[in-house]
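Written below as structure tokens is the structure these notes are about.
The values are calculated or read from the model by the stated rules, or taken from the named source; none is laboratory data. Since we're looking at a predicted model, the values are computed, not measured. Here the Cβ positions follow ideal geometry from the backbone for every residue, glycine too, while neighbour counts run over all protein chains shown. Just so you know, the surface numbers come from the protein's heavy atoms only, side chains and all, with ligands and any DNA or RNA stripped out. Shrake-Rupley method; radii C 1.70, N 1.55, O 1.52, S 1.80 Å.
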Amino acid sequence: MSKVIISCAITGSVHTPTMSPHLPVTPQEIAEQSIAAAQAGAAIVHLHARDPADGRPTPSADTYMRFLPQIAAACDAVVNITTGGSVGMTLEERLQGAMRASPEMASLNMGSINFAMFKMAEKPREWKHAWEQPYLLSTEDGIFRNTFRDIRHILQTLGEGHGTKFECECYDIGHLYNLAHFVDAGLIKPPFLVQSIFGVMGGMGADPENVLVMKQTADRLFGRDHVWSMFAAGKQQMPFAVMGAAMGANVRVGLEDSLYLERGKLAPSNAAQVAKVCRLLAELGLEVATPDEARAMLQLKGARQVAFA
Ligand code: KMH
Ligand code: ZN
């Protein structure tokens with residue numbers, strides 16, 4: 001068992017400000033929570049940006065640059081910037097942050113899915129901002145588009161153009177075969193990170209049986225060329241982190257994927273989730289990888305080879 005890489009997804013574009021007062025929204029909050037998550041043990045921080053005025057996800061590269069330098073100056077965590085962006089963004093908008101920042105890592109969504117968040121709008125709430133409920137409801141009729149050409153475009157512009165490597169987000173078994181197409185085409189080179197995602201509405205469910213199918217399929221298709229990570233969105237986040245780690249997976253936590261620390265208790269911060277998963281890993285006798293150990297495992301370009309350090 002090698003050491004476990006902990007990724008922490010700091011804010012995302014799924015949850016909205018009304019759902020938790022602890023969801024980081026402003027550049028300052030995103031920076032502070034990223035640094036604290038790294039200090040708690042996260043080797044990689046996965047980042048989206050939000051409009052500081054109302055917490056709405058934004059593609060603005062200027063907004064990313066309001067927090068990325070602070071993070072780079074205060075910790076050595078690997079920065080992983082989303083290319084998934086949020087509902088309603090064009091592909092070029094989705095790429096803006098990463099193209100400006102030239103990060104060591106970025107997410108790469110390995111296929112189109114119905115990324116449905118509308119059920120979260122059903123719970124009666126006093127919405128803080130007018131955009132939140134329509135944003136969530138709109139996903140009942142939305143497609144999170146990631147065609148083969150979209151993926152190739154990201155690989156060629158950001159991957160080849162900036163030396164960025166990818167967290168390959170796989171929401172279903174078919175996404176592993178899509179990934180294999182790009183590996184066979186030489187557009188994704190080993191070692192690459194396969195992030196198996198469970199529990200997103202529109203993707204594979206958070207059932208333990210699915211974890212085994214994903215692991216077996218990834219092992220069969222990629223063998224030792226891949227570094228396997230996994231997470232479940234929502235209430236299965238921690239049980240799946242433990243299950244995955246026990247099976248040799250790396251793990252991802254963070255308020256992007258779950259707002260809770262345990263049933264019925266909102267996580268006070270991303271760092272609290274990182275600290276909890278560190279405790280769980282320690283109980284399993286597993287060691288946590290440092291950012292530099294993660295860089296070596298994933299053969300990343302280095303903390304100084306970015307446009308914000
Ligand atoms: N929100 C996660 C389920 C991305 O940012 O490109 C997947 C994700 C994708 O983090
Ligand atoms: Zn994300």
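Residues Ala106, Ala116: which one is part of a loop (DSSP other than H, G, I, E, B) and at pLDDT 95 or above? Show your work before the answer.
Numbers: Ala106 fails: part of a loop (DSSP other than H, G, I, E, B).
Exactly one of Ala106, Ala116 is part of a loop (DSSP other than H, G, I, E, B) and at pLDDT 95 or above, namely Ala116.
Is it the case that some residue within the stretch 12-22 is buried (at least 17 other Cβ atoms within 10 Å of the Cβ), within 30 Å of Glu287 (Cα to Cα), without any contact (Cβ under 8 Å) to a residue 60 or more places away in the chain and not aromatic (Phe, Trp, Tyr)?
Checking the stretch 12-22: not a single residue is buried (at least 17 other Cβ atoms within 10 Å of the Cβ), within 30 Å of Glu287 (Cα to Cα), without any contact (Cβ under 8 Å) to a residue 60 or more places away in the chain and not aromatic (Phe, Trp, Tyr).
Here are Gly55, Gly84: which of them is touching a residue at least 12 places away in the same chain (Cβ under 8 Å), under 17 Å from Glu132 (Cβ atoms) and of a type in the set (Gly, Ala, Ser)? Outline the logic, then answer.
Values: Gly84 fails: under 17 Å from Glu132 (Cβ atoms).
After applying the criteria, what remains is Gly55.
Just to be sure I understand, how many residues within the stretch 1-11 are part of a loop (DSSP other than H, G, I, E, B) and either open to solvent by less than 10 Å² (accessible area, probe 1.4 Å) or within 15 Å of ligand 1 (Cβ to nearest atom) (or both)? Lay out the reasoning, then the answer.
Here is the first cut: in the stretch 1-11, the residues part of a loop (DSSP other than H, G, I, E, B) are 1-3, 5, 10-11.
Among the residues that remain, those that are also either open to solvent by less than 10 Å² (accessible area, probe 1.4 Å) or within 15 Å of ligand 1 (Cβ to nearest atom) (or both) are: 5, 10-11.
Qualifying residue count, the stretch 1-11: 3.
Looking for something within 22 Å of Arg295 (Cα to Cα) and within 16 Å of ligand 1 (Cβ to nearest atom) - is there at least one such residue anywhere in the stretch 47-62? First the steps, then the outcome.
First, the residues of the stretch 47-62 that are within 22 Å of Arg295 (Cα to Cα): 47-48.
Of the ones still in play, those that are also within 16 Å of ligand 1 (Cβ to nearest atom) are 47-48.
Yes, the stretch 47-62 contains at least one residue that is within 22 Å of Arg295 (Cα to Cα) and within 16 Å of ligand 1 (Cβ to nearest atom).
Among residues belonging to the stretch 159-178 that are farther than 21 Å from Met201 by Cα and of a type outside the set (Ser, Thr, Tyr), point out the one that is nearest to the chain's Cα centre (by Cα).
Initially, the stretch 159-178 is screened for residues farther than 21 Å from Met201 by Cα, giving 159-166.
With the extra rule that they be of a type outside the set (Ser, Thr, Tyr), the set shrinks to 159-163, 165-166.
Details: Gly159: 17, Glu160: 21, Gly161: 21, His162: 19, Gly163: 19, Lys165: 13, Phe166: 10 Å.
Once the filter is applied, the top-ranked residue is Phe166.
Kindly provide the set of residues from the stretch 1-16 that are of a type in the set (A, V, I, L, M) and more than 16 Å from ligand 2 (Cβ to nearest atom), ordered by number.
Of the residues in the stretch 1-16, the ones of a type in the set (A, V, I, L, M) are 1, 4-6, 9-10, 14.
Result: Met1, Val4, Ile5.
Search the stretch 277-289 for residues being open to solvent by 20 Å² or more (accessible area, probe 1.4 Å) and either part of a loop (DSSP other than H, G, I, E, B) or free of Cβ contacts under 8 Å to residues at least 40 places away in the same chain (or both), and hand back the single one that is nearest to Cys75 (Cα to Cα). Even if it seems obvious, please write down each step before you answer.
Looking only at the stretch 277-289, we keep the residues that are open to solvent by 20 Å² or more (accessible area, probe 1.4 Å), and these are 278-280, 282-288.
Remaining after also requiring either part of a loop (DSSP other than H, G, I, E, B) or free of Cβ contacts under 8 Å to residues at least 40 places away in the same chain (or both): 279, 282-287.
Details: Arg279: 21, Ala282: 23, Glu283: 26, Leu284: 27, Gly285: 26, Leu286: 23, Glu287: 20 Å.
Checked the stretch 277-289; the qualifying residue nearest to Cys75 (Cα to Cα) is Glu287.
Being free of Cβ contacts under 8 Å to residues at least 24 places away in the same chain and surrounded by 13 or more Cβ atoms within 10 Å (Cβ to Cβ) is the filter here, so list the residues in the stretch 129-159 that pass it. Lay out the reasoning, then the answer.
Of all residues in the stretch 129-159, those free of Cβ contacts under 8 Å to residues at least 24 places away in the same chain come to 130, 133-134, 137, 141, 149.
Residues satisfying the conditions are Gln133, Leu137.
Among the residues of the stretch 101-111, which ones are over 18 Å from Ile10 (Cβ atoms) and either away from ligand 2 (no atom under 15 Å from the Cβ) or among the charged types (D, E, K, R) (or both)?
Those that are over 18 Å from Ile10 (Cβ atoms) and either away from ligand 2 (no atom under 15 Å from the Cβ) or among the charged types (D, E, K, R) (or both): Ser102, Gly111.
Looking only at the stretch 290-309, filter to residues that are in a loop (DSSP other than H, G, I, E, B) and small (Gly, Ala, Ser); which one of those is least open to solvent (accessible area, probe 1.4 Å)?
Of all residues in the stretch 290-309, those in a loop (DSSP other than H, G, I, E, B) come to 290, 299-309.
From what's left, small (Gly, Ala, Ser): 302-303, 307, 309.
On the way: Gly302: 17, Ala303: 38, Ala307: 53, Ala309: 59 Å².
Here the residue is Gly302.
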